[in-house]
1. For all pairs of alpha-carbon atoms in the stretch 100-184, what percent lies in each bin of width 10 Å, listed from the first bin to the last filled one?
2. Which angle between 0 and 90 degrees, to the nearest 10, do you get for helix 162-172 versus the longest principal axis of the chain when only C-alpha atoms count?
3. For the stretch 295-344, what class follows from the C-alpha gyration tensor (a ≥ b ≥ c being the square roots of its eigenvalues): rounded when a/c is under 1.5, otherwise prolate if a/b is larger than b/c, else oblate?
4. Taking R0 as 56 Å, what's the FRET efficiency between Ala71 and Thr327 from their Cβ-Cβ distance, rounded to 0.05?
5. Have a look at Cys333, Gly227, Ala368 and report the one farthest towards the positive end of the charge dipole of the chain, computed about the Cα centre with Cβ charges (Lys/Arg +1, Asp/Glu -1).
6. Given the options Pro146, Pro209, Pro18, which has the most mean-square fluctuation in a GNM of the chain, springs set between C-alpha atoms less than 10 angstrom apart?
7. Just to be sure I understand the model, the point goes 7 Å from the Cα along the line to the Cβ. What's the resulting Glu16 to Ile315 distance in nm?
8. Gain in length, Arg241 to Arg347, computed as 0.36 nm per residue apart minus the alpha-carbon separation, to one decimal in nm?
Amino acid sequence: MRAVTWQGRRDVAVSEVPDPRILEPTDAVVRITSTAICGSDLHLYELFGPFIDRGDILGHEAMGVVEEVGAAVALRPGQRVVVPFNIACGTCFMCRRGLQSQCETTQNRDYGTGASLFGYTKLYGQVPGGQAELLRVPFADYNTIPVDTDLPDERYLFLSDILPTAWQAVEYAGLSEPGTVVVLGLGPVGQLTSRIAAARGHRVIAIDPVPERREMAARHGVEAWEGDDDIERVLAATDGRGADAAIDAVGLEAHGSTLASAAHKLIGVMPDAVARPMMERAGIDRLAALYSAIDVVRRGGTVSISGVYAGDGDILPMKTMFDRQLTLRMGQCNVKRWIDDLLPLVRDEADPFGLDDLVTHRGGLDDAPALYETFQKKDDGCIKVVLSPA
Ligand code: NAD
Ligand code: ZN
Ligand code: ZN
C-alpha cells in the first residue's frame with residue numbers, strides 16, 4: 001500500500017510499504033477514506049527527528065471502512081468508522097476512569113510516557129499511522145467510533161482528535177458560569193476550542209498572529225486579536241481582572257521565544273543520541289504562549305493547556321502562579337471520554353461547530369509532501385488539511 005512516511009526534518013514522502021495485517025485477534029484493518037494533518041504532525045516534521053525512524057508512517061487523524069477483523073472482534077467489515085488517536089484497551093484502571101491517554105495496557109514504560117498513539121514516534125509506541133491506504137487498529141472494538149449517518153467524512157473525521165481535544169480544553173477550563181475565555185492560537189485546535197467556548201455562552205477572545213486564522217474565527221462569534229499588547233487589552237476588557245480562563249492551543253513551537261528557538265535549530269542538526277536526552281531533560285519548549293496564558297488569566301482562574309509540550313527542564317513563573325492561585329490542567333486528549341457528548345452535535349444538521357468551515361486544503365496521499373509544507377508555513381490561507389487516500 002501507499003503511505004506518508006517521515007524521511008527527515010521537513011521531509012515526508014509517499015512510499016510503497018507492506019500492507020498491515022491482523023496480528024492479534026482484537027485487531028481490525030481499516031481502509032482509510034479521509035485522514036488529516038495535525039499541528040502535532042508539525043512537531044514531528046520539525047523537531048522530533050531524534051525519536052522517529054526514516055520510513056515511519058505518520059498520521060493520527062483517520063477514518064474509513066473496516067476491511068478485515070480478527071477473530072475476537074465484533075465490528076463487521078464494511079462498517080464506516082472513525083479511529084481515535086489514542087490506542088487504549090478500554091478495560092484497565094485508567095480507561096475505566098476516562099483517562100484513555102494514560103491507558104496502562106499501552107503505556108510506554110521505556111520512555112516513561114502514556115498510552116500509545118498512532119503515528120507518533122518511539123515516545124508513543126512507534127505505531128504505524130493513518131496517513132495511509134490501510135491502518136491496523138489494535139483493540140478495534142474499543143478504538144473505533146461507528147459512523148451511523150450518510151453525512152460526509154469531514155463531519156466525523158475530527159472526532160479522531162481535534163474536536164474532543166478542543167472539548168476537553170474547554171472542560172478543563174473549569175468555567176461554572178458564563179465568563180471570559182482567552183484562547184491562544186487559532187490553528188484547527190484553537191478554532192474549535194473558541195467555537196465550543198462561544199457556543200457555551202462565554203465571551204471568547206482568541207489571539208493568533210495569522211490574519212486568515214483570525215478571519216475564520218471571527219466568522220464564528222469569536223473576537224480575534226493579533227497579539228500585540230494582548231495582556232493590557234484583556235485586562236481592559238475584564239475590569240482589570242483578567243480572563244476567567246486561558247487556553248493554550250499553541251504548544252512548544254510558539255512564536256516569540258528566542259532562546260528556545262535557537263535550541264530547536266540546534267536539535268535539528270545534532271545526532272539523535274545527543275539530541276534525545278537534551279530534548280527530554282533540557283528546557284526546549286518555547287513557552288511564549290503559556291506565559292501569555294498565565295499573564296492574561298485572572299486571580300483564581302484556570303489555565304488549560306492543549307498545546308503539546310515536551311521538555312522537562314522548562315522554567316515556569318512559580319511565584320506568580322502560586323500567588324495568583326491559578327489552576328492548571330493539561331494533557332493529551334482522552335478521545336473516547338468525550339464521544340458521547342460530541343456525537344449528537346456532529347450529527348446535528350445545524351452543524352453547531354461549523355465543521356463545514358474548517359478544512360481549507362484537500363488532496364490525495366501524493367499531495368502530502370506539498371501540503372505538509374503549505375500547512376507548516378501557513379501559506380495560501382492554509383488552516384486544516386485533509387487527504388483522501390481512496
Ligand atoms: P497549528 O500549528 O496549526 O496552530 C498553532 C497556532 O498557534 C498557529 O496558528 C500559530 O500562528 C499560533 N501561535 C504561535 N505562537 C503563538 C503565540 N505566541 N501566541 C498566540 N498564537 C500563537 O496547530 P493545531 O493543529 O491547532 O494544534 C495546536 C496545538 O495543539 C499543537 O501544539 C498540537 O500539537 C496540540 N494538540 C494537542 C492535542 C492534545 O491531545 N492535547 C491534540 C491535538 C493537537
Ligand atoms: Zn492531531
Ligand atoms: Zn486501558
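1. That works out to 13, 35, 33, 17, 2, in percent per bin.
2. Rounded to the nearest ten degrees, it is 40.
3. Oblate is the answer for the stretch 295-344, as a/c is 1.5 or above yet b/c matches or exceeds a/b.
4. Working from the Cβ atoms, E equals 0.75.
5. Cys333
6. Maximum fluctuation in the GNM of the chain, among the listed residues, is at Pro18.
7. 5.3 nm
8. 34.3 nm
Quick note: the coordinates plus some simple rules give every number you see, no bench work behind them. Bear in mind that the values here come from a model prediction, so they are computed numbers and not experimental data. Positions of Cβ are generated from backbone atoms using ideal geometry, with glycine treated the same way; all protein chains shown enter the neighbour counts.
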